[in-house]
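The values are calculated or read from the model by the stated rules, or taken from the named source; none is laboratory data. What you see is a predicted model, and the numbers here were worked out from it, not measured in a lab. Methodologically, a virtual Cβ is constructed for each residue, glycine included, from the backbone with ideal geometry; neighbour enumeration extends over all protein chains shown. Note: areas computed on protein heavy atoms with side chains; ligands, DNA, RNA excluded. Shrake-Rupley method; radii C 1.70, N 1.55, O 1.52, S 1.80 Å.
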Amino acid sequence: MKELEDRIASEGVVRDGGVLKVGSFLNHQCDISLFDRMGAAWAEHFSGKRVDKILTIEASGIGIACMAARHFGNVPVVFAKKSPSLNLDGAQYHVVIHSFTKDADFNVIVSKDFIQEGEHVLIIDDFLANGAATEGLIEICDQAGAIVEGIGIAIEKGFQPGGACLRDRGYDLCSLAIIKSMDAQTGEVVFA
Ligand code: 5GP
């Protein structure tokens with residue numbers, strides 16, 4: 001998506017350790033007109049697929065997933081919660097996700113009330129790096145017996161293995177911008 005690439009090129013800040021900061025339009029301040037056009041791009045890519053629900057993870061996935069849902073017939077958006085405590089009564093799906101940016105493990109939960117067996121789910125997230133967050137959301141769908149129809153990502157860092165791994169496993173992955181390389185010294189970002 002050319003518009004997203006242009007925003008990354010003009011406003012993104014490349015940090016050491018392969019981290020891209022895009023707080024001015026995606027991760028802190030939200031450009032909802034851009035989010036709306038991102039939703040339209042995913043809807044075009046996934047047209048013809050049955051999507052009953054969108055699943056994302058807090059916090060930055062929520063805004064883009066909600067705008068995307070407008071383009072999928074206003075389907076419900078469920079966000080996985082990062083939770084310090086676990087409810088052990090079996091009412092939740094639970095996975096452990098390793099955070100790339102925080103280098104720590106998080107318990108992530110979704111209430112069993114909100115993802116049902118046989119539902120067709122579109123997974124949406126802001127970034128795809130090593131793939132841990134997306135793999136965790138897939139695992140939640142697997143626990144529920146739901147079908148992952150596709151995965152919509154805003155920014156894939158193509159120099160990390162998450163995207164290749166998901167494509168190898170046959171998932172329909174639509175990343176709106178794929179970064180081939182980026183340089184913290186010069187600030188240059190190269191797209192695939
Ligand atoms: P993964 O689990 O694929 O390794 O990383 C994806 C998750 O980590 C996303 O949910 C996102 O919040 C965060 N993340 C990974 N890389 C970056 C990055 O370069 N910049 C920002 N802002 N978040 C990132």
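Could you work out the per residue convex hull volume over the alpha carbons of the chain, in cubic angstrom? Before the final figure, lay out each step's value.
Numbers: hull volume 20.5 nm³, N = 192.
Hull volume normalised by residue count: 107 Å³.
Roughly what % of DSSP beta bridges within the chain run antiparallel, to the nearest 5?
Of all bridge pairs located within the chain, approximately 45 percent are antiparallel.
Add +1 for every Lys or Arg and -1 for every Asp or Glu among the other residues with Cβ under 14 Å from the Cβ of ASP52, and state the total.
Details: positive: LYS49, ARG50, LYS53; negative: GLU117, GLU119, GLU149.
Net charge around ASP52: 0.
Highest mean first, what order results for 115-126, 162-173 on Cβ atoms within 10 Å?
Put in order of decreasing packing, that is 115-126, 162-173.
Could you pull the Rg and Dmax for segment 140-192, using just the Cα atoms, both in Å?
13.9, 46
How much of the accessible area of segment 46-140, in percent, comes from carbon and sulfur atoms when a 1.4 Å probe is used? All intermediate terms of the calculation are to be shown ahead of the outcome.
Numbers: 2260 of 4480 Å².
Carbon-and-sulfur percentage of accessible area, whole number: 50.
Would you mind putting 129-137, 79-87 in packing order, based on average other-beta-carbon counts within 10 Å, highest first?
The packing order, highest mean first, is 129-137, 79-87.
Put a dot 7 Å past each Cα toward the Cβ at VAL19 and ASN130; how far apart are the dots in nm?
Result for the modelled spin labels: 1.4 nm.
For the chain, what is the accessible area per residue in Å² when the probe is 1.4 Å?
Result: 48 Å² per residue.
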